[in-house]
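Data first, discussion second: the structure below is written as structure tokens.
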Amino acid sequence: MKNIFLVTFLLLGCAFGFAQTEEELKSEMGPKKDSIAAIQARVDAIQAKIDALPGWKKGAFGTIGANLTNFNNWYAQGSPNNSSGNIGVTVNGFANLQEEKFFWRNAMNVNLAWVKFDDKDDPDDDDSFRQASDVFTISSLYGQKLSEKFAISGLGEYRTTILSNFNDPGYLDLGVGATWTPITDLVVVIHPLNYNFVFSKNDAVFESSLGAKIVADYTRKIGAVNFKTNLSMFQSYKSGDLSNYTWINSFGYTLWNGIGLGFEFGLRNNKQEALNYALNGPNPVANATFDNIENDLQTYVLFGLNYAF
């Protein structure tokens, strides 16, 4: 009986000892986490100074998302025998030149995706991968500095699709105005004199016009995190129906050897594209006009593996 009490006492003592050890270790961990955060803050401050130095800064990161499935005799669903998949790729690249009296910033965004759904019991369906999203944007901004934060600038930006209907439509913005750089990684462009050239075979819908161009871009790399958000907006002086904006947000987190997780989502509002789809889409509306169409917000989302160059 004494042995049982002794063993029980020893077990309780060991458990209590381990509990104390765990609490002591956790209490020691707190200050070390604070130290790591302080070190990271100093590293980020040094990196910000490096980014502000004259010369070229280049970089790129992208995301690949894929999902492939195959079903045989899966009777619980409407098409028990099918194969499906979707593949998406995004690339964000930049090449920026920073000098004492001027800067030159160049950027590119590409988002391509394909989907397929093959019903094996339907010999007439389309079993190939079809284009799902198609975004291609390049821009070049030159600024002559008036001060550290303000510059007189000129911008050229081109947007189109490349998998299908290349340059139909295509948008080329050329304009001049001012650029504000309140911090190293944020650029705000305000060009009150900008011409929006629209290239398309459908001249009855797409029209070029004079207007104002506003661009806000924030690109940052903090340790293993790559982040970019870009808002590009055109406000036509002729008609609000000719105005448009695109807002793209990209995020990448590197886990190992440049490989990690990536996420990108984009928003777009373009009434000319909405009218063109209403007139020439799969269900055309013969009497569609700018006044009676539904100009729904355009969106896309991509999540997958990320690679930082």
* Structure fact -> Within the range 238-294, residues exposed (fewer than 14 other Cβ atoms within 10 Å of the Cβ) and either at positive phi or touching a Ser or Thr at 6+ places or on another chain (Cβ under 9 Å) (or both) come out as LYS238, SER239, ASN257, GLY258
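Identify all residues within the range 83-129 that are of a type in the set (Gly, Ala, Ser) and surrounded by fewer than 15 Cβ atoms within 10 Å (Cβ to Cβ); write none if there are none.
Taking the range 83-129 first, the residues of a type in the set (Gly, Ala, Ser) are 83-85, 88, 93, 95, 107, 113, 128.
Scanning the range 83-129 gives a single hit, SER128.
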* Within the bounds of the range 65-82, is there any residue that is surrounded by fewer than 14 Cβ atoms within 10 Å (Cβ to Cβ), modelled with pLDDT of 85 or more and closer than 30 Å to LEU155 by Cβ? -> no
* Might you let me know whether the range 193-210 holds any residue that is among the charged types (D, E, K, R) and either within 26 Å of the chain's Cα centre (by Cα) or not assigned by TED's automatic domain parsing to the domain that holds THR63 (or both)? => no
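Listed here are the residues, each with its yes/no results for (1) among the aliphatic types (A, V, I, L, M); (2) over 30 Å from PHE61 (Cβ atoms); (3) touching a residue at least 12 places away in the same chain (Cβ under 8 Å).
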| site | (1), (2), (3) |
| --- | --- |
| TYR195 | no, yes, yes |
| LYS201 | no, yes, yes |
| LEU231 | yes, no, yes |
| THR246 | no, no, yes |
* Asked: ASN167 versus (1) in a loop (DSSP other than H, G, I, E, B); (2) touching a Leu at 6+ places or on another chain (Cβ under 6 Å): which is the lone unmet condition?
  -> (2)
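Condition check: buried (at least 16 other Cβ atoms within 10 Å of the Cβ), touching a strand residue (DSSP E or B) at 6+ places or on another chain (Cβ under 9 Å) and over 25 Å from LEU97 (Cβ atoms). Does ASN196 satisfy that? Write out each step before concluding.
Values: buried (at least 16 other Cβ atoms within 10 Å of the Cβ): yes; touching a strand residue (DSSP E or B) at 6+ places or on another chain (Cβ under 9 Å): yes; over 25 Å from LEU97 (Cβ atoms): yes.
So ASN196 fits the description; yes.
The values are calculated or read from the model by the stated rules, or taken from the named source; none is laboratory data. Note that the coordinates shown come from a computational prediction; the quantities given were computed from them, not determined experimentally. Cβ: placed from backbone, ideal geometry, glycine included. Neighbour counts: every protein chain shown.
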